[in-house]
Structure formats: C-alpha cells, structure tokens
Amino acid sequence: MAAERIDGKAFAEKLRARVGEAAARFEQAAGRKAGLAVVLVGEDPASDVYVRAKGKATHAAGMNGFEHRLPADVSQDELLALVDRLNADGAVDGILVQLPLPGHLDDQAVIAAIDPDKDVDGFHVTNAGRLAVGQGGFVPCTPLGCMMLLTDRLGDLSGLEAVVIGRSNIVGKPMAQLLLDANATVTIAHSRTKDLAGVVRRADIVVAAVGRAEMVKADWLKPGATVIDVGINRLPPAEGEAKGRLVGDVDYGPASGVASAITPVPGGVGPMTIAVLLRNTLVAAHRNAGLAPPEGL
Ligand code: NAD
C-alpha cells in the first residue's frame, strides 16, 4: 500500500491561520503589532526570494515586517550596528539575518550579536544551549516544523527509533535534540557513518537533512517507517525542460511503497519553515510585551 503523503503545505496554512488569529489578539492586548526584522546583505537571488516570501507572509499574518537591505560590500561594523539598533527597537520582536552572508562577513559573530530573546531563527548559541538543556528558548524553524508534522502524525514518540541523517547546526543537531526531548531513541548519521543503509533500516522515524538528491533508497527503509525529507535539491534539466525538477534527499516514489507516511518535496517540510518563523516571532512578541505565551501554537 502506498504511504500517506504528509501534507506540509496544508499543515503550514493552518498554522499560519492560527498565528494570524493570535497576532490579532496580541495587537489588541499589547496596543501594537508584533514585528519581524529581516536583514539581507547583497543580492543573492535565492536569498532575495526567501526574504520576499518572509515579508509577504509576515504582513499576511497581521504582523509588521521590517526589511533591511544592505549592499554586498557592507562592513562588519555597519552590519553589527544595524543589529544593535534592531535589538534596542521596541517595535522589533524578532530579528533574522538571512544566511549565507558574503565571504568577508563573519556569520557567527553577526548571529552572536542578536539579542537571544529576538533570535527567532534559534541560531544563537544561547538558544542552542537552552534547547540542549531543555530551557525553552527559540528552536530553529525547520526542525521545529518537522517535529510538528511528526507529532501530528504519530502522537507520542516515546521509545521509537529515530535516525537523523545530517548534523548541521541548523537542521540535524536541533532535530536530534527535539526527538530526544520527545523520548525517542536517537541516532545521528552523517558523512562518515558506516553502513548508513543498515543504520537507517532500524528507524521508525527517518529525518533526511543532507542535500543529496534521492540518496535515501526504498530498500534502506524499515517497512512502515515515517519519513521526513528536509532536502531540497534541483536535478539537472531533462530534455525540453528549462529548469530541472526539485527533489528531496529521499527517492520518493519507491520509498512511498515501503514507508507508512512520507513528506513530498516540494510541499512537505519547505512550507513549514516560514510558518514556524511567524509562530516564533509571535511567541517573542508575547515575551517582550510581558504577556502569557499564545495558546495552540
Ligand atoms: P549542511 O550541508 O549544513 O549539512 C548536511 C549534512 O549532511 C552534514 O552534516 C553532513 O555530514 C551530512 N552528509 C553529507 N553527505 C552525506 C552522506 N553521503 N551521507 C550521510 N550524511 C551526509 O546542510 P543543511 O543546512 O543541514 O541542509 C540539508 C538539506 O536540507 C539541504 O538540501 C537544504 O537545502 C535543506 N534545507 C531545507 C530547509 C527547508 O526549509 N525545507 C531548510 C534548511 C535546509
């Protein structure tokens, strides 16, 4: 039987609608809108698309979006000065610096300059530490979105075997931490893992966050596994195509013959990321305004 297709797009739309309703209640209670500042340095076309999409979604949810575009040759000091101004600005609840930054800028130093309580991307070491010790800071949007899809489908994850493929600070590590907090038995696999197929075959839950097109094959999966595919990879264009197809890290068609549920690419994890960013911004706004956290998000 074919696996259930986990519809991240539909889940994300519902989450955005709930955030929108909660944002309207926040505005009434706080006397101002929640606000997200997005900083884009340079003119990378992919980053430009993400920043526009984030701005549009922020406004659609009834929050203020403040876009700051800086030239590609901006100095580290100028960028840090902007982050300082945003940290001090009471209308700004969340700050997101779009990565990657041009090579002359130090990503880590810029992230470290963001007030951890406005770090809605969850990339600051303080928030990574809070996640590691269970102190409830901001969690990176993509893994938190994956977790929402998993718990929506599986409920209690206690005792399930989870394998996360990939150990980046943005996806793999926080994903593993979230699964551990949910009492799964977690393995993190990576580029040096031996017998990756054998490791993945143990898993009730597979999260693939590698960035290699269709790497995870159907015969790597335990029958009935739940598969979350974070990868976004563009194949070379086939004859007659202007652009190649987007695919994930999992060989979707054959894998859906073995898994019990699987996220498609596109339309799975991707749409969750912005929805969770809006959710994190609204949570930040409540904290900054001294209000109780919004319910049901
Ligand atoms: P990354 O390059 O920082 O990390 C990739 C990880 O994969 C590394 O930890 C590496 O050890 C591991 N890896 C590489 N080759 C491997 C192999 N052959 N076998 C096993 N592990 C291997 O990437 P990232 O930022 O974590 O992103 C991973 C993927 O997720 C990318 O395709 C990216 O585009 C996508 N992504 C999607 C979203 C979204 O919104 N859906 C968000 C972030 C990242």
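Laboratory data are not the source of any read-out in this text; all were calculated from the coordinates shown. The structure displayed is predicted, hence computed values, not measured ones. A quick note on method: Cβ atoms are made from the backbone with ideal geometry, for glycine too, and the neighbour counts reach across all protein chains shown.
Values computed for the structure shown
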{"quantity": "Cα-projected label distance for Arg5 with Glu78, points at 7 Å along beta-carbon direction, nm", "calculated": "4.6"}
{"quantity": "Residue among Asn280, Val250, Gly296 farthest towards the positive dipole end of the stretch 182-297, charges placed on Cβ", "calculated": "Asn280"}
{"quantity": "Local electrostatic count, Gly267, Cβ distance below 14 Å [Lys/Arg +1, Asp/Glu -1]", "calculated": "-1"}
{"quantity": "Convex hull (Cα only) mean projected area of the chain, reported in nm² to one decimal", "calculated": "16.2"}
{"quantity": "Relative contact order (%) - the chain, alpha-carbon pairs under 8 angstrom, separation at least six", "calculated": "22"}
{"quantity": "Charge-dipole axis of the chain as Lys and Arg at +1 and Asp and Glu at -1 on Cβ define it, positive-most pick from Ile114, Asn169, Ala261", "calculated": "Ala261"}
{"quantity": "Ranked His68, His190, His286, criterion: other C-beta atoms within 10 Å, fewest first", "calculated": "His190, His68, His286"}
{"quantity": "Angle between the chain longest axis and helix 45-60 axis [Cα atoms, degrees, rounded to 10]", "calculated": "70"}
{"quantity": "Non-local Lys pairs in the chain, i.e. 8 or more apart or on different chains, that have alpha carbons under 29 Å apart", "calculated": "28"}
{"quantity": "Rg ratio (alpha-carbon, reference 2.2 N^0.38 Å) - the stretch 1-88", "calculated": "1.41"}
{"quantity": "Pairwise label distance in nanometres, Lys243 with His59, each label 7 Å out on the Cα-Cβ vector", "calculated": "2.2"}
{"quantity": "Over the stretch 69-115, relative contact order from alpha-carbon pairs under 8 Å, at least 6 apart, %", "calculated": "48"}
{"quantity": "Cα pair distances of the stretch 142-297 binned at 10 Å [whole percent]", "calculated": "11, 38, 32, 13, 5, 0"}
{"quantity": "Angle between the chain longest axis and helix 141-154 axis [Cα atoms, degrees, rounded to 10]", "calculated": "50"}
{"quantity": "Fluctuation leader among Ala225, Ala30, Ala46 - the chain, Gaussian network, Cα springs under 10 angstrom", "calculated": "Ala46"}
{"quantity": "Potential extension, Gln28-Ala218 segment - 0.36 nm per residue separation minus Cα distance", "calculated": "63.3 nm"}
{"quantity": "Candidates Ala238, Ala91, Ala128, ranked by Gaussian network fluctuation over the chain, Cα under 10 Å, top entry", "calculated": "Ala238"}
{"quantity": "Gain on full stretching of the segment that runs from Ala88 to Ile232 - 0.36 nm per residue minus C-alpha separation", "calculated": "48.3 nm"}
{"quantity": "Computed lengthening from Arg52 to Glu13, 0.36 nm per intervening residue step minus Cα-Cα distance", "calculated": "12.3 nm"}
{"quantity": "Degrees between helix 76-88 axis and first principal axis of the chain (Cα, 0 to 90, nearest 10)", "calculated": "80"}
{"quantity": "DSSP loop trypsin sites (Lys or Arg not before Pro) with at most 12 other Cβ within 10 Å: longest gap in the chain", "calculated": "1-191"}
{"quantity": "Cα centre as origin, Lys/Arg/Asp/Glu Cβ charges: the chain dipole, Debye", "calculated": "580"}
{"quantity": "Rg over Rh, two decimals, the stretch 106-200 (C-alpha only, Kirkwood Rh)", "calculated": "1.01"}
{"quantity": "Only Lys, Arg (+1) and Asp, Glu (-1) charged, at Cβ; the stretch 98-153 dipole about Cα centre in debye", "calculated": "200"}
{"quantity": "Among Leu101, Ala23, Ala34 - extreme Cα towards positive end, dipole of the stretch 1-122, charges at beta-carbon", "calculated": "Ala23"}
{"quantity": "With at most 14 neighbouring Cβ atoms within 10 Å, loop GluC sites (Glu not before Pro) (DSSP) excluded, longest segment of the chain", "calculated": "44-238"}
{"quantity": "Surrounding net charge for Arg16, when Lys and Arg each add one and Asp and Glu each subtract one, Cβ distance under 13 Å", "calculated": "+4"}
{"quantity": "Shape call, the stretch 168-258: gyration tensor on alpha carbons, a/c limit 1.5", "calculated": "prolate"}
{"quantity": "Whole-Å semi-axes of the stretch 63-131's equivalent ellipsoid (Cα gyration tensor)", "calculated": "19, 16, 10"}
